[in-house]
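First up is the structure itself, then whatever we jot down about it.
The values are calculated or read from the model by the stated rules, or taken from the named source; none is laboratory data. Quantities reported herein were computed from a predicted structural model and do not represent experimental measurements. A quick note on method: Cβ atoms are made from the backbone with ideal geometry, for glycine too, and the neighbour counts reach across all protein chains shown. Surface areas here come from the heavy atoms of the whole protein model, side chains and all, with no ligands, DNA or RNA. Shrake-Rupley method; radii C 1.70, N 1.55, O 1.52, S 1.80 Å.
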Amino acid sequence: MFAKRTWFLPSTQVVLPLPKSPQGWIFYCVGVFAILGPTVLLTFRSQVLPEALVWFTLSAAAFLLEILSVRRDIIKTEARRNLYHITDITQPDE
């Protein structure tokens, strides 16, 4: 929804896609700050249970769903790109 596939490397080997552009790194940094910032503030206010725990859980789940959606788009794009790839066919040695 917020992240774009073009901001990340097209690798299907890793669980979370690696950023390749500044926008990808900014997306990761803002996501981590959005998760940890309010959690730390709520913890300092002694609102660990349930406020900080609920915020951490819901925001981490939303961030993870977003990143997994980007990863799914990357995998689909790579599969579509490889669909029409014709390998080099060599004649067997006789």
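Do you know the relative contact order of region 1-91, to the nearest whole percent, from alpha carbon pairs under 8 angstrom that are 6+ apart?
35
What is the distance, in nm, between label points placed 7 Å from the Cα along the Cα-to-Cβ direction at residue 13 and at residue 40?
The two pseudo-label positions are separated by 3.4 nm.
Tell me the angle of helix 22-44 to the major Cα principal axis of the chain, expressed in degrees between 0 and 90 and rounded to the nearest ten.
Taking the Cα atoms of the chain, the angle to 22-44 is about 30 degrees.
How much area per residue is accessible in the chain when the probe is 1.4 Å and only protein heavy atoms are counted (Å²)?
Per-residue value: 80 Å².
In degrees from 0 to 90, rounded to the nearest 10, what is the angle of the helix 53-83 Cα long axis to the longest principal axis of the chain?
Approximately 10 degrees, to the nearest 10.
Considering amide H positions built from the backbone, and no H for Pro or chain starts, which residues 5 or more places from residue 8, or on another chain, come under 5 Å of its amide H?
Close amide H contacts, sequence-distant or interchain: 20.
Taking 7 Å along the Cα-to-C-beta vector as the label spot, tell me the residue 30-residue 53 distance in nanometres, rounded to one decimal.
3.1
Choose one of 60, 49, 24: the residue whose Cα lies farthest towards the positive end of the charge dipole of the chain (beta-carbon charges +1 Lys, Arg; -1 Asp, Glu; about the Cα centre).
Projecting each Cα onto the dipole axis, the largest value belongs to 49.
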